Amino acid sequence: MASFLKGNEAAETAAGVGGSSSRDESEDTWSAKFSCSLGEDTFTVTITREYMLINGFEEDATLAAVEAWADTVPAVGGTAE
């Protein structure tokens, strides 16, 4: 997953505008944080091995769109169609 997120233009484009990732190989943990916008809504998406957190969104449609995107990405637990 860390390899998928790090510098992956498709992931950055799907999630929004800009992002960063980190990995601690000694603990085998990773995280990625994206600053995103969808229409006029600006929010942050943080993805780790154990969860995906969406903060700062105002519109329910934004949450639904991010969850729908995640549902299609096998690397974050979704299934590709």
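A simple spin-label model places pseudo-atoms 7 Å from Cα toward Cβ; at Leu53 and Asp41 they are separated by 1.9 nm. Positive contributions from Lys and Arg (+1) and negative ones from Asp and Glu (-1), summed over other residues with Cβ under 14 Å from the Cβ of Gly77, come out at -2.
Coordinate-derived values only; no laboratory data. This one's a predicted model, so the numbers in the text were calculated from it and none came from an experiment. Because the Cβ atoms are built from the backbone with ideal geometry, glycine has one as well, and the counts that use them run over all protein chains shown.
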